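The values are calculated or read from the model by the stated rules, or taken from the named source; none is laboratory data. Nothing here was measured: the structure is a model prediction, and the numbers come from that model. Positions of Cβ are generated from backbone atoms using ideal geometry, with glycine treated the same way; all protein chains shown enter the neighbour counts.
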Amino acid sequence: MLGCAAFALSAPVMAQDANIDGRVGKLEKEMRAVQRQVFPNGAGKFVEPEIQSPAAPSITNSSTSVAVDLTARIDALEAQLATLTGQVELQGNNMRGLEGRLKMIEAQLAAQAVASVETVAPTAVPTAAAPKTKTSVSPTKPASSAKPNPARVAAVAAIERPASGDVFEDGYTYGYRLWEAKFYPESQAILEEIVTKFPKHKRASYARNLLGRAWLDDKKPATAVKVFYENYKADPRGDRAPDSLLFLGSALTDLGKAVEACEAFGELAKAYPDAATGRLAERLTSSKTRAKCK
């Protein structure tokens with residue numbers, strides 16, 4: 001009886017061991033099959049796998065097709081890289097050319113300003129030297145120090161200045177509100193301050209572009225040209241870099257520099273085709289028409 005009981009108890013154990021052995025054997029066969037597929041002829045002799053899925057593609061063919069696909073993709077990436085490199089070099093050359101022209105324009109405007117002052121200034125008439133006195137003389141105040149218009153001061157004070165705690169955003173918003181209300185000098189002062197304090201801010205491109213517009217709308221296109229070009233040059237990936245190229249062209253048009261204006265519009269179309277054909281398309285078309293670009 002005891003032997004029968006032992007046999008009865010050992011039977012399930014033996015069956016369980018046999019089951020485990022079978023599962024391990026199956027796994028080993030599957031592993032060998034995978035090994036032969038991954039490493040064909042690795043043992044010097046190819047043996048068909050014990051386990052095959054119907055119509056399973058050959059690893060060799062699959063590997064070949066993957067290699068061909070990767071090669072094609074690499075070729076395409078290299079071609080794209082070459083194209084991008086050429087575009088970057090061309091854009092750099094265009095920027096250097098435009099910068100040279102802008103420097104020439106700046107020099108011309110400075111010379112014209114000096115000439116106009118010399119023309120307007122009256123001829124000095126020699127007079128007898130006045131006797132020197134020991135009394136101190138206070139410096140003459142510039143004309144710009146005249147008392148501000150009380151009505152203007154009150155109107156500017158009526159514009160709400162944000163106080164969120166974000167110095168940049170509060171300054172930018174306040175400068176925008178001043179510009180929108182056509183208080184251009186006040187807007188210029190605020191925007192210049194935050195641009196100087198936060199030249200690397202993520203939205204500095206917005207502030208510099210708005211500063212340029214404040215000068216442009218204040219009928220100061222020469223200063224606007226500098227601001228717009230600096231914004232484009234300092235941060236060509238900035239959100240308002242394409243806008244600055246557009247308004248740079250407008251400012252140059254106001255200065256009578258149509259050729260340079262058309263170059264700026266052309267750079268906008270090349271460097272930012274999405275903006276040029278999208279949100280700035282209408283303005284770009286009208287600006288090119290005003291400058292008589294071909």
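Within the range 245-258, track down each residue that is assigned to a helix (DSSP H, G or I), over 15 Å from the mean Cα position of the chain (by Cα) and free of Cβ contacts under 8 Å to residues at least 60 places away in the same chain.
Within the range 245-258, Leu246, Phe247, Leu248, Gly249, Ser250, Ala251, Thr253, Asp254, Ala258 meet the criteria.
Can you pull out the residues in the range 205-244 that are under 17 Å from Pro185 (Cα atoms) and either among the aliphatic types (A, V, I, L, M) or in contact (Cβ under 8 Å) with a residue 40 or more places away in the chain (or both)?
Hits for the range 205-244 are Ala207, Leu210, Leu211, Ala214, Leu216, Ala222, Ala224, Val225, Lys226, Val227.
In this structure, does Ala158 turn out to be without any contact (Cβ under 8 Å) to a residue 40 or more places away in the chain, touching a helix residue (DSSP H, G or I) at 6+ places or on another chain (Cβ under 8 Å) and not polar (S, T, N, Q)?
For Ala158, the condition - without any contact (Cβ under 8 Å) to a residue 40 or more places away in the chain, touching a helix residue (DSSP H, G or I) at 6+ places or on another chain (Cβ under 8 Å) and not polar (S, T, N, Q) - is not met.
Condition check ((1) surrounded by fewer than 24 Cβ atoms within 10 Å (Cβ to Cβ); (2) modelled with pLDDT of 95 or more; (3) closer than 17 Å to Lys103 by Cβ; (4) touching a helix residue (DSSP H, G or I) at 6+ places or on another chain (Cβ under 8 Å)) across all residues:
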site	(1), (2), (3), (4)
Thr196	yes, yes, no, no
His201	yes, yes, no, yes
Ala234	yes, no, yes, yes
Lys294	yes, no, no, yes
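Restricting attention to the range 238-266, which residues are among the charged types (D, E, K, R) and within 15 Å of Ala281 (Cα to Cα)?
Arg240, Asp243
Output the residue which, of all residues in the range 209-226 that are crowded, with 24+ Cβ neighbours inside 10 Å and in contact with a Pro (Cβ under 9 Å, 6 or more places away or on another chain), is farthest from Lys182 (Cα to Cα).
For the range 209-226, the residue satisfying everything is Trp215.
Could you check the range 198-244 and list, in sequence order, the residues that are outside any helix (DSSP H, G or I) and within 20 Å of Tyr272 (Cα to Cα)?
Scanning the range 198-244 gives Lys202, Arg203, Asp235, Pro236, Arg237, Gly238, Asp239, Arg240.
Is it the case, given these coordinates, that Leu191 is part of a helix (DSSP H, G or I), farther than 19 Å from Arg283 by Cβ and touching a helix residue (DSSP H, G or I) at 6+ places or on another chain (Cβ under 7 Å)?
Yes, satisfied.
If Glu282 satisfies all but one of (1) surrounded by 15 or more Cβ atoms within 10 Å (Cβ to Cβ); (2) more than 21 Å from the chain's Cα centre (by Cα); (3) part of a helix (DSSP H, G or I), what's the number of the condition it fails?
(1)
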